[in-house]
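Peer 1: Here it is: the structure, laid out below.
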Amino acid sequence: MSLIIELAGMLGGMLAEYSTQKKWSKIKAFFVTSAIFFAVSLINLLVFESGRGAFWAVTGSAILGVSLGVFFVLAIYVHEKTKR
């Protein structure tokens, strides 16, 4: 389980760096990061958390995906403002 979490963190860092280099729009960065973290956390919850239902796994993954998407958009925004 920790391997999936570390993989998601590494993927998020690489994605944030790539999106700033390629000058993605904030909306595109939000949707891509949200989708990636939703998929990774959903796989994590469905595979390793057998005691919980699928509804709670999808709900938790959606909340995590949206919150991390917002976090990365804010991180990109702060990076752009402080770089100048």
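The values are calculated or read from the model by the stated rules, or taken from the named source; none is laboratory data. Keep in mind that what you see is a predicted model, and the values were worked out from it rather than measured. All Cβ positions, glycine included, derive from the backbone under ideal geometry; neighbour counts span all protein chains shown. The protein model used for the area step is the full one, side chains on, heavy atoms only, and it has no ligands, DNA or RNA in it. Shrake-Rupley method; radii C 1.70, N 1.55, O 1.52, S 1.80 Å.
Peer 1: When you go through (1) at pLDDT below 80; (2) open to solvent by less than 100 Å² (accessible area, probe 1.4 Å) one by one for Ser50, which number turns out not to apply?
Peer 2: All conditions pass for Ser50, except number (2).
Peer 1: Restricting to the range 53-84, and then to whatever is out of contact with any Asp or Glu (no Cβ under 9 Å at 6 or more places or on another chain) and among the aromatic types (Phe, Trp, Tyr), can you tell me which residue is surrounded by the fewest Cβ atoms within 10 Å (Cβ to Cβ)?
Peer 2: So the residue we want is Phe55.
Peer 1: Report yes if some residue within the range 16-36 is out of contact with any Cys (no Cβ under 6 Å at 6 or more places or on another chain), open to solvent by less than 70 Å² (accessible area, probe 1.4 Å) and outside any helix (DSSP H, G or I); otherwise report no.
Peer 2: Scanning the range 16-36, I find at least one residue that is out of contact with any Cys (no Cβ under 6 Å at 6 or more places or on another chain), open to solvent by less than 70 Å² (accessible area, probe 1.4 Å) and outside any helix (DSSP H, G or I), so the answer is yes.
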